[in-house]
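For reference, the structure discussed in these notes is given below.
The values are calculated or read from the model by the stated rules, or taken from the named source; none is laboratory data. Please read all numbers here as calculations on a predicted model, not as lab measurements. Quick reminder, even Gly has a Cβ in these numbers, built from the backbone with ideal geometry, and neighbours come from all protein chains shown. Note: accessible area is taken over every heavy atom of the protein model, side chains too, but ligands, DNA and RNA are not part of it. Shrake-Rupley method; radii C 1.70, N 1.55, O 1.52, S 1.80 Å.
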Amino acid sequence: MILFGSFRLCFTVKERNSNLLQISKVNLSIRSMASHIVGYPRMGPKRELKFALESFWDGKTTAEDLQKVSADLRSSIWKQMSDAGIKYIPSNTFSHYDQVLDTTAMLGAVPPRYNWNGGEIGFDTYFSMARGNASVPAMEMTKWFDTNYHFIVPELGPEVKFSYASHKAVNEYKEAKALGVDTVPVFVGPVSYLLLSKPARGVEKTFDFLSLLDKILPIYKEVIAELKAAGASWIQFDEATLVKDLEPYQLEAFTKAYSDLESTCSGLNVIVATYFADIPADAFKTLTTLPGVTGYTFDLVRGEKTLELIKSSFPSGKYLFAGVVDGRNIWANDLAGSLSVLESLEGIVGKDKLVVSTSSSLLHTAVDLVNETKLDDEIKSWLAFAAQKVVEVNALAKALVGQKDEAFFAANAAALASRKCSPRVNNEAVQKAAVALRGNDHRRATNVSARLDAQQKKLNLPILPTTTIGSFPQTIELRRVRREYKAKKISEEEYVKAIKEEIFKVVQLQEELDIDVLVHGEPERNDMVEYFGEQLSGFAFTANGWVQSYGSRCVKPPIIYGDVSRPKAMTVFWSTMAQEMTKRPMKGMLTGPVTILNWSFVRNDQPRFETCYQIALAIKDEVEDLEKAGITVIQIDEAALREGLPLRKAEHAFYLDWAVHSFRITNVGVQDTTQIHTHMCYSNFNDIIHSIIDMDADVITIENSRSDEKLLSVFREGVKYGAGIGPGVYDIHSPRIPSMEEIHDRINKMLAVLETNILWVNPDCGLKTRKYGEVKPALEAMVTAAKKLRAELAK
């Protein structure tokens with residue numbers, strides 16, 4: 001119950017959901033209301049696509065079975081938006097793996113190693129590019145801008161022969177039309193596609209990808225012509241690279257591309273979408289003067305400065321798709337605030353040209369709040385998942401045309417007020433501790449070289465020490481044990497016994513393989529962020545809040561709704577149990593504060609760095625407790641440090657300063673003999689290597705193999721690194737098992753640029769998603785390669 005002036009407004013989640021239901025059952029006659037969705041989650045409310053994909057990959061179901069599940073998901077998404085009154089409904093945003101890979105398939109840009117012989121690209125070639133196969137590795141995977149979604153990086157060069165090889169976009173448009181839904185086909189724009197590419201093997205890294213524009217535009221034209229013939233009236237090109245710092249020649253490529261497409265697009269309404277950040281003034285000018293473009297989508301949640309550009313220089317006669325509903329977070333929209341912004345824009349662009357939209361694709365948020373059974377009513381009332389955001393977009397569009405649902409807006413205002421004053425959100429002691437951090441940069445007293453010497457005396461490791469990143473395969477039996485324990489179907493004693501047996505099996509396997517620094521395999525953990533969030537205050541958890549990370553891999557981000565603290569030790573019990581099973585060093589395994597932050601849905605009522613400092617203090621307590629318990633090697637994963645980097649260079653320094661500082665806070669108090677590791681995966685690190693050095697970890701393990709050893713180029717160019725470093729020697733996200741000779745060759749390449757005494761040998765990432773039948777031979781090849789090189793170096 002919330003007090004407003006002289007009256008009380010009572011609300012419950014049930015009443016709010018009732019309002020959501022009423023507002024979604026709009027009459028078809030108000031479809032003229034201008035509402036638009038940039039994109040929508042693909043996995044399904046219960047991860048239906050994930051299970052269909054994995055069943056197909058395992059050979060348990062057919063391609064037809066997979067296509068049937070996919071078609072059912074697409075039709076339900078289109079129908080949901082149509083029933084909610086959305087006017088501009090996207091198609092071609094569904095994907096069996098990744099939208100950039102779909103574009104690569106459309107353009108026929110298949111690397112030669114996959115032996116594609118032309119024609120329509122089928123699942124065999126498509127999934128080989130995404131996942132690799134028994135004989136060739138997958139294409140590189142990296143972060144999509146500053147999100148936790150990963151895309152498959154196109155491999156291009158002057159010799160690539162493009163051809164129209166996937167009719168997916170046209171087929172899905174026709175599929176929706178047959179269901180009575182007229183959609184807006186969405187594409188990765190031609191310029192952004194090229195700017196997101198990497199040189200194919202053997203191509204100089206200075207190759208100008210934009211030189212291929214004239215080669216790919218004819219394929220785009222073929223697709224557009226087919227869509228026009230099929231009856232499409234709108235089309236959307238996602239050109240998100242426009243929010244980055246682009247050179248003048250790169251901006252000129254947009255003008256060139258859309259000038260070339262103009263005649264083909266004649267008769268179509270063309271939307272160009274940008275998202276994730278403010279658009280720079282020069283890019284805004286380029287975008288809003290592109291020939292043949294009808295309207296523009298802007299992120300007005302993360303791009304607050306873009307509002308000023310719109311107010312000062314938006315072109316007359318064009319449509320503005322105003323992204324006021326957040327596509328990246330799960331908080332309920334401030335409907336009154338958004339409506340105020342929209343009303344101010346009406347006077348600039350005209351009522352008939354203003355369209356309410358999401359700030360980005362809803363791919364980056366959870367699917368539907370209706371499926372949540374774990375969240376209490378109060379927290380649930382503060383949230384909106386993708387399905388609810390569709391309703392919010394339509395509610396704002398209705399309000400703009402004089403059909404405001406007063407009850408829905410009032411319930412929204414009450415929920416926002418409840419969150420603001422809830423005692424669950426605010427903890428004064430935590431806030432004071434975080435403020436006290438200011439003015440200290442929290443560095444360990446001894447330099448890394450001296451620390452490594454002290455650690456080596458204690459650990460006595462061989463040269464090229466071997467280790468793994470943390471997790472071991474999560475078997476069906478293991479998941480069953482955790483599930484039954486959560487459901488109280490087995491006792492705590494039975495649960496501990498089962499987990500202890502799994503840890504013993506993992507320790508025994510590593511000793512048999514002769515790995516030098518061991519891990520306990522993390523059998524007790526569901527997810528590297530969720531596991532810690534469940535033990536920290538200020539976090540809430542969903543039952544079905546899954547978000548796609550890559551392919552079939554989904555994560556369930558925690559929700560940070562309040563101030564963060566650690567009520568008790570989180571990992572000490574399991575780590576000490578594992579250490580007692582072996583005389584070899586056993587790593588304590590923690591997730592770092594920046595990664596917990598970047599892989600969570602973060603509160604939006606205070607700066608992100610303040611929340612990060614609170615998490616850092618909680619992890620610091622855990623590190624010190626592990627050290628007291630006799631754990632001498634502690635890994636603090638910062639897998640997501642790079643992905644939080646702002647898209648604009650002017651904002652990099654501030655982010656890196658507080659992110660790196662947060663990591664140092666966690667381990668500033670440990671002894672020199674305690675070895676601090678960190679791990680990073682699947683991103684471009686070369687431009688932040690000096691910040692990585694500034695983290696002052698004793699050892700860093702880092703993704704390297706899937707990106708064609710791009711990381712090593714930093715060291716070839718003269719960057720000096722004095723701490724221990726383990727660039728990954730094989731890709732764990734592919735089922736392919738590497739040979740000993742292949743790993744031996746990779747380590748040799750590393751030794752050409754790194755000192756022998758600092759190099760570690762390890763996989764790219766954790767082994768959680770792999771099967772033991774893949775893990776054992778791969779690790780055996782890794783250890784054998786390391787031993788062979790030790791013998792060679794000894795000679």
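Details
- When each of Lys486/Lys620; Lys143/Lys486; Lys285/Lys305; Lys215/Lys285; Lys256/Lys285; Lys353/Lys398 is checked by Cα-Cα distance, pairs over 21 Å: Lys486/Lys620; Lys143/Lys486; Lys215/Lys285
- Magnitude of the charge dipole for segment 495-653, about its Cα centre and with charges confined to Cβ atoms of Lys, Arg (+1) and Asp, Glu (-1), is about 280 debye.
- Net charge contributed by nearby residues that have their C-beta within less than 13 Å of Phe207 (K/R +1, D/E -1): -1
- Between 0 and 90°, nearest 10: helix 406-421 axis offset from the chain longest Cα axis: 30 degrees
- Integer Hz, Karplus 6.51/-1.76/1.60 couplings in order for segment 645-660, x for Gly and Pro: 4, x, 6, 9, 4, 4, 9, 5, 4, 5, 4, 4, 4, 6, 5, 5
- Gyration tensor verdict on segment 482-630 (Cα atoms; rounded if a/c is under 1.5, prolate if a/b is larger than b/c, oblate otherwise): prolate
- Relative contact order [Cα under 8 Å, 6+ residues apart], segment 340-481, whole percent: 16 percent
- Label sites at Asn117 and Thr576, each approximated as a point 7 angstrom past Cα along Cα to Cβ, lie 6.4 nm apart.
- Principal-axis analysis of the Cα atoms of the chain puts helix 386-400 at an angle of about 30° to the longest axis.
- Sorted into 5 angstrom bins from 0, the C-alpha pair distances of segment 640-795 split as 2, 8, 17, 20, 19, 16, 11, 5, 2, 0, 0 percent.
- Site pair Glu534 and Asp72 shows an inter-label distance of 2.9 nm when each label is modelled 7 Å from Cα along Cα→Cβ.
- Taking 0.36 nm per residue of sequence separation and removing the Cα-Cα distance, the Gln606/Asn371 pair yields an extension gain of 81.8 nm.
- Rel. contact order, % - alpha carbon contacts under 8 angstrom, at least six apart, segment 484-611: 25 percent
- Each peptide in 760-768, 358-366 gets a packing score, the mean of other Cβ atoms within 10 Å over its residues, and the list from highest to lowest is 358-366, 760-768.
- Here's how it looks for Ser91: its modeled amide H is under 5 Å from those of Val184, Val186, which are all 5 or more places away or on a different chain.
- Extension gain for Lys787 to Lys205 (0.36 nm times residue separation, less C-alpha to C-alpha distance): 206.2 nm.
- For the chain, DSSP calls about 20 percent of its internal beta bridges antiparallel.
- Rounded if a/c under 1.5, otherwise prolate or oblate - segment 540-589, Cα gyration tensor axes: oblate
- Alpha-carbon spread of segment 76-152, three principal axes, descending order, Å: 48, 32, 20
- Added length on full extension, which subtracts the Cα-Cα distance from 0.36 nm per residue, Ser163 to Lys489: 111.7 nm
- Estimated FRET transfer efficiency when R0 is 30 angstrom, pair Lys649-Glu262 (beta carbons, to 0.05): 0.40
- Among [x] 101, 69, 59; [y] 114, 74, 62; [z] 76, 71, 52, the entry derived from the coordinates for Cα extents along the principal axes in Å: [z]
- Three semi-axes of the equivalent ellipsoid, segment 164-323, Cα gyration tensor, whole Å, largest first: 24, 23, 14
- For Val517, the accessible surface of its heavy atoms amounts to roughly 0 Å² (probe 1.4 Å, protein chains only, rounded to the nearest 10).
- Selection among Asn604, Ile469, Ile152 by position relative to the dipole of the chain gives Asn604 as farthest towards the positive end (Cβ unit charges, Cα centre).
- Here segment 270-333 is assigned +1 on the Cβ of each Lys and Arg and -1 on the Cβ of each Asp and Glu. Its dipole about the Cα centre then comes out at about 120 debye.
- Note on Asp334 and Trp658: with the Förster distance fixed at 35 Å, the Cβ-Cβ geometry gives a FRET efficiency of about 0.85.
- Folded to 0 to 90 degrees: helix 248-265 orientation relative to the chain principal axis, Cα: 50 degrees
- Label-point gap, in nm, between Thr756 and Ser55 - each point 7 angstrom along Cα→Cβ: 5.4 nm
- Positive-end extreme of charge dipole, the chain - chosen from Thr142, Val188, Ile560 (charges on Cβ): Ile560
- The phi torsions of segment 531-537, fed into the Karplus equation with coefficients 6.51, -1.76 and 1.60 and a -60° offset, translate into couplings of 4, 7, x, 5, 10, 10, 6 Hz, rounded to whole numbers, with Gly and Pro shown as x.
- Think of the chain as a dipole: +1 on every Lys or Arg Cβ, -1 on every Asp or Glu Cβ, centred on the Cα centre; then among Ile665, Ser266, Leu309, Ile665 lies furthest on the positive end.
- In order along segment 334-342, the phi-based Karplus estimate (6.51 cos²θ - 1.76 cosθ + 1.60, θ = phi - 60°) of 3J(HN,Hα) comes to 7, 4, 5, x, 5, 5, 4, 4, 4 Hz; Gly and Pro are listed as x.
- Cβ-based net charge around Asp352, under 12 Å, with every Lys or Arg adding one and every Asp or Glu removing one: +2
- Rounded to the nearest whole angstrom, the semi-axes of the ellipsoid equivalent to segment 594-698, taken from the Cα gyration tensor as √(5λ), stand at 24, 16, 11, largest first.
- Accessible solvent surface per residue of the chain, calculated while the other protein chains remain in place, 1.4 angstrom probe, Å²: 38 Å²
- The Cα atoms of segment 498-580 give a gyration tensor whose axes a ≥ b ≥ c have a/c of 1.5 or more with a/b no greater than b/c, which makes the shape oblate.
- Once C-alpha pairs closer than 8 Å and six or more residues apart are averaged by separation and normalised to the residue number of segment 170-251, the relative contact order reads 46 percent.
- Protection proxy ranking, peptides 740-746, 299-305, average beta carbon neighbours within 10 Å, highest first: 299-305, 740-746
- Protein accessible area in segment 156-223, 1.4 Å probe - carbon and sulfur %: 55 percent
- Count Lys and Arg as plus one, Asp and Glu as minus one, and take only other residues whose Cβ is under 15 Å from that of Asp65; the net charge is then -2.
- Remark: the chain carries a charge dipole of roughly 920 debye about the Cα centre, counting +1 on each Lys and Arg Cβ and -1 on each Asp and Glu Cβ.
- Protection proxy ranking for 393-402, 456-465, 241-250, using the average of other Cβ atoms within 10 Å per residue and placing the highest first: 393-402, 241-250, 456-465.
- Between amide H atoms placed 1.01 Å from N, distances below 5 Å from Thr591 occur with Asp637, all of them 5 or more places distant or on a separate chain.
- Calculated FRET efficiency, Glu222 to Lys458, Cβ-Cβ distance, R0 = 56 Å: about 0.30 to the nearest 0.05.
- Here's how it looks for Glu140: its modeled amide H is under 5 Å from those of Val153, which are all 5 or more places away or on a different chain.
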